[in-house]
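The values are calculated or read from the model by the stated rules, or taken from the named source; none is laboratory data. Keep in mind it's a predicted model, so treat the numbers as computed, not measured. As a convention, Cβ positions derive from the backbone with ideal geometry for all residues, glycine included, and neighbour counts pool all protein chains shown. When the accessible area is computed, the model is the full protein with side chains, heavy atoms only, and any ligands, DNA or RNA have been set aside. Shrake-Rupley method; radii C 1.70, N 1.55, O 1.52, S 1.80 Å.
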Amino acid sequence: MTAIDPTAHLTAEQIEELGRELDAIRDEVIADRGEKDAAYIRRVISVQRKLELVSRGVLLFSIFPPAWLIGTAGLSVAKIMDNMEIGHNILHGQWDWMRDPKIHSTTWEWDHVSPADQWKHSHNELHHTYTNVIGKDNDLGYGIMRVDEDQRWHPFHLGQPLWNFINACFFEYGIAAYDLELGKNLHKRRRKNPEFRARARAVGRKIRKQVLKDYVIHPLLSGPSFLTTLAATFTANLIRNLWTHSVIMCGHFPEGVQVFERRSIKGETRGQWYLRQMMGSANISGSKAMHFMTGNLSHQIEHHLFPDLPSNRYAEVAVKVRALFEKYELEYVTGPLPKQVFSAWYKVFRLSLPNKKPKVKKPDRGQELVAA
């Protein structure tokens, strides 16, 4: 596929001016955030906890089909809320400015098998720094998928639609494995590394805690509803995993999203970093309820530009960001959830096959982009 740089029309001065305009948007929100925002996240946490408590209570009687359906649906939504709008965003430091020790990125732990501190390193420090850079951003394909035509094809890639589906079903475990960087650390010599062993033990403890809560204590409390409660909890975790995987796939994998080579980020300026986030992310359009259930990651572009801004502000920020896309003649990749999911999965299938056309040498540019 011929490499086309969709930012080739921008001069270095324009890119830095774009960066300054984005800085101004961020500064405006920071200056304005306050009690209304704090009340929002406290209300969301309260609703989530009550919903989970009520749902688990209903599942004590899950031997009756209506109770199973209501309890499973409620627990699924509670788990999605915990991971998306609450956990993900608190761990990004979006609410640290409140100085509330109970709602802070340094103290929060979530309903997930990956320990918060390990997730923050792999996600906040690596993924958000090296967004869509092949070989640097492990979120890009999770180490199991080919994500660009210029990556060498191997027969293993024929199975990547299956690998991706399995990863989706057990996504929280895939994230934990990715946070541990198992791909490189399973080497015999690295397995003996004290730091890796300590992190692996931490993941093991978190998995045991989650399994004990979801698959032992809660079902046992259900008495005669033990098996149906067990099935309900497994179903809720499956729904949460499939939903979060879909949202994240839509954020960086649809057609039209750009990926980057390592050398393209050498000497990267702030303006160029902003530009890479803009071209390496995609949004999902939809209702307020849909945005909420995605943790406002439906505003993936805005989230990658401003990962530490309160998530409830992304909708208003998106209007200003989209205006900058139009001003600088850049493509704002967005679409409804079904379209973005189809686009991402189509790309997974397409790249599982060897290239049909010979590779065309890319232009050697400082801010080089690879057509996705």
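For the stretch 297-331, which residues satisfy the criterion of being under 18 Å from W273 (Cβ atoms) and either part of a helix (DSSP H, G or I) or in contact with a Lys or Arg (Cβ under 7 Å, 6 or more places away or on another chain) (or both)?
At the first step, the residues of the stretch 297-331 found to be under 18 Å from W273 (Cβ atoms) are 300-309, 317, 321, 324-325, 328, 330.
Scanning the stretch 297-331 gives Q300, I301, E302, H303, H304, L305, F306, L309, V317, V321, L324, F325.
Just to verify a result, which residue in the stretch 266-281, among those that are in a loop (DSSP other than H, G, I, E, B) and in contact with an Asp or Glu (Cβ under 9 Å, 6 or more places away or on another chain), is farthest from N132 (Cα to Cα)? Lay out the reasoning, then the answer.
Pass one, the stretch 266-281, residues in a loop (DSSP other than H, G, I, E, B): 266-269, 280-281.
Those left that are additionally in contact with an Asp or Glu (Cβ under 9 Å, 6 or more places away or on another chain): 269, 280-281.
Numbers: T269: 17, G280: 6, S281: 8 Å.
Here the residue is T269.
Do we find a residue being more than 26 Å from G143 (Cβ to Cβ) and in a helix (DSSP H, G or I) anywhere in the stretch 110-121?
Residues of the stretch 110-121 that are more than 26 Å from G143 (Cβ to Cβ), as a first pass: none.
Among the residues of the stretch 110-121, not one is more than 26 Å from G143 (Cβ to Cβ) and in a helix (DSSP H, G or I), which makes the answer no.
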Would you point out which residue out of N167, N185, N241 is modelled with pLDDT under 90 and in contact with a Phe, Trp or Tyr (Cβ under 7 Å, 6 or more places away or on another chain)?
N185
R208 vs (1) of a type outside the set (D, E); (2) within 20 Å of K79 (Cα to Cα); (3) at pLDDT below 95; (4) loosely packed, with under 14 Cβ neighbours inside 10 Å: all pass except (3)
Which listed residue, of Y142, Y173, is within 24 Å of R197 (Cβ to Cβ), out of contact with any strand residue (DSSP E or B) (no Cβ under 6 Å at 6 or more places or on another chain) and assigned to a loop (DSSP other than H, G, I, E, B):
Y142
Cβ-Cβ distance below 9 Å, separation of 6 or more or different chains: which pairs start in the stretch 266-290 with a residue that is at positive phi and end on one that is part of a helix (DSSP H, G or I) and open to solvent by 10 Å² or more (accessible area, probe 1.4 Å)?
G286/L337
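Quick one: in the stretch 211-244, which of the residues that are β-branched (V, I, T) and under 13 Å from F61 (Cβ atoms) is least open to solvent (accessible area, probe 1.4 Å)?
Going residue by residue through the stretch 211-244, those that are β-branched (V, I, T) are 211, 216-217, 228-229, 233, 235, 239, 244.
Remaining after also requiring under 13 Å from F61 (Cβ atoms): 228-229.
Numbers: T228: 43, T229: 0 Å².
Per the stated criteria, the residue is T229.
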Answer yes or no as to whether V247 is open to solvent by less than 20 Å² (accessible area, probe 1.4 Å), assigned to a loop (DSSP other than H, G, I, E, B) and not polar (S, T, N, Q).
no
Checking S264 against (1) modelled with pLDDT of 95 or more; (2) open to solvent by less than 10 Å² (accessible area, probe 1.4 Å), which single condition isn't satisfied?
(1)
Considering each of K192, K213, K206 in turn, give the residue that is in contact (Cβ under 8 Å) with a residue 12 or more places away in the chain and basic (K, R).
K206
Count of the stretch 256-265 residues which are in a loop (DSSP other than H, G, I, E, B) and either without any contact (Cβ under 8 Å) to a residue 60 or more places away in the chain or among the polar types (S, T, N, Q) (or both)
1
Count - residues of the stretch 49-101 that are under 26 Å from H299 (Cβ atoms), among the basic types (K, R) and open to solvent by 10 Å² or more (accessible area, probe 1.4 Å)
2
Selected residue (criterion: nearest to A344 (Cα to Cα)) from residues of the stretch 141-161 that are in contact with a Phe, Trp or Tyr (Cβ under 8 Å, 6 or more places away or on another chain) and of a type in the set (A, V, I, L, M)
V147
